[in-house]
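One structure is given below, encoded as structure tokens.
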């Protein structure tokens, strides 16, 4: 691996981390293509991306907790339910055609983005109680 | 935790897990908007809590993959170490955003990912 490649990977990691901390995503969306670009197979890239996500999310959570933004019990419920969902999703992925679904999900994200943008236009969005 | 909220969180978690397995996107891109729209989380809480959930899910995945020797550790460090530093910067910077701008920013991220999924 050349110095330039390493520098690029570090820069992409940094960008992914900033996005992760700022928007509450894991960073995998940038990690996986970067790892594939570095020569890993998609399977190894997905596995390796998960390990890179762990410190990223952990540091973000630690920081957010100090600001009082973390709802820890909710995170625990979501995380555990998500593990169950991944099990189901993997089985579903093997049974369904990949490409059309991907596009459909892309369209769905655009609809959700519009919904969010519409929502913040209303002056007083109501929020649920913080425990 | 109120029962209604617990049921919603369980449903949101399962949906996020299914989508992330299906499309290879992290759970966050699904968790955050669902927490905002269906569980009435404040934007800063939604993003923070999403990271907590992701940490748990990713850790479970790491254990499963590690047992099968699918993880390239040096590559994970190459990206994970700068990303952890980035997350510190990102989470700190986020505190300067209003709830409204954070929501708009996240919507912009969704548009980007949506287009990438449609075109890519």
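The values are calculated or read from the model by the stated rules, or taken from the named source; none is laboratory data. Only a predicted model underlies this, so the values are computations on that prediction, with no experimental measurement involved. Note: ideal-geometry Cβ built from the backbone for every residue, glycine included; neighbour counts use all protein chains shown.
Summary table below
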read-out: Residues that are more than 7 Å from chain A (Cβ to nearest Cβ) and under 19 Å from residue B:101 (Cβ atoms), drawn from segment B:7-46; value: B:35, B:43
read-out: Given (1) surrounded by fewer than 15 Cβ atoms within 10 Å (Cβ to Cβ); (2) in contact (Cβ under 8 Å) with a residue 24 or more places away in the chain, number of the condition residue A:63 does not satisfy; value: (1)
read-out: Positions within segment A:34-86 being in a loop (DSSP other than H, G, I, E, B) and either closer than 21 Å to residue B:44 by Cα or in contact with a strand residue (DSSP E or B) (Cβ under 8 Å, 6 or more places away or on another chain) (or both), in sequence order; value: A:67, A:68, A:69, A:70, A:71
read-out: Filtered residues of segment A:16-30 (kept if facing chain B (nearest Cβ under 7 Å) and in a helix (DSSP H, G or I)); value: A:16, A:17, A:18, A:19, A:20, A:21, A:22, A:23, A:28, A:29
read-out: Qualifying residue in segment A:45-62 (condition: within 25 Å of residue B:99 (Cα to Cα), more than 7 Å from every other protein chain (Cβ to nearest Cβ) and at pLDDT 90 or above); value: yes
read-out: Matching residues, segment B:47-72, being more than 7 Å from every other protein chain (Cβ to nearest Cβ) and in a helix (DSSP H, G or I); value: B:63, B:64, B:66, B:67
read-out: Any hit, segment A:97-109, residues being facing chain B (nearest Cβ under 7 Å) and buried (at least 24 other Cβ atoms within 10 Å of the Cβ); value: yes
